[in-house]
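Chemist: I'd like to ask you about the structure that follows.
The values are calculated or read from the model by the stated rules, or taken from the named source; none is laboratory data. All values derive from a computational prediction rather than experimental measurement. Here the Cβ is made from the backbone with ideal geometry for all residues, glycine too, and neighbour counts use every protein chain on show.
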Amino acid sequence: MNHTQNTNQEQKKHFLTSHKSIRFTAALCAAAVLVGGVAYAATPDAIAAEPTTAVSESTFTDVVVTTYDETEFPSSDLIRLDASVDGAIILTVIHQKVDAAAADQKFIPSGWPVESRIVSTEFNPTADPSISDGRKHEGMDISTRSQIIPIYATAAGTVVTANFRSDYGNQVIIDHGNGFTTLYAHCNELMVSAGEKVEKGDVIATTGSTGWSSGIHCHYEIMLNGVYQNPRDYI
Ligand SMILES: [Zn+2]
């Protein structure tokens, strides 16, 4: 467990003992940010406010100051809010009418981004000499045997980047709204634009060999709260 996690644990503990299931009006949550079907907000004034009956809105039914589970709701926003928790800032979760558990699932990367299972270079963020060619590699390369084939979004989300950069070539980055982002690089053709919403399984690009690449493949990365994940753990 690293320092950040320790800090989060301590702050979470403080949070759990300080605030329990108090209802506020939606008006207190003007700063709420919708994240993958669940909204989070910091409401510094909420502690002093009187609990009131929840206001019914079209997208959510009530606003509850509640505990949370970092595993269940992995989010960079939560980490940021954790860092602010000092007794004055609290976390608010807005429960939507939708089934939160089901909604969350589709925003979590799963499966292969291409119809190929040929991993040419494994995930190797520490440049472990025993893995693949021993070079540092923050994603997984999936060879498509020289074929230009579709690349699918592995989870629903919003395209935040669809452009060319010299090393990754044509790339797509999708923010899944819960701390997860996925990246698909060396594409031949990009089929989406920044700002576009995508569903899991949507075609977002085709495989290629643009940028620093020696053959047609998909370089696939998953990040969770800014930390590279081994794509093998999600397929
Ligand atoms: Zn790669």
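Chemist: Just to be sure I understand, how many residues within the stretch 115-174 are within 13 Å of the ligand (Cβ to nearest atom) and among the small types (Gly, Ala, Ser)?
Modeler: Selection size over the stretch 115-174: 5.
Chemist: Shifting gears a bit: On the basis of being more than 21 Å from residue 123 (Cα to Cα) and surrounded by 22 or more Cβ atoms within 10 Å (Cβ to Cβ), does residue 174 make the cut?
Modeler: no
Chemist: Quick check on my filter: what residues within the stretch 203-235 are surrounded by 18 or more Cβ atoms within 10 Å (Cβ to Cβ) and closer than 18 Å to residue 105 by Cα?
Modeler: Result: 222, 223, 224, 225, 229, 231, 234.
Chemist: Within the stretch 206-235, restricting attention to residues that are modelled with pLDDT under 95 and touching a helix residue (DSSP H, G or I) at 6+ places or on another chain (Cβ under 7 Å), which residue is nearest to the ligand (Cβ to nearest atom)?
Modeler: So the residue we want is 226.
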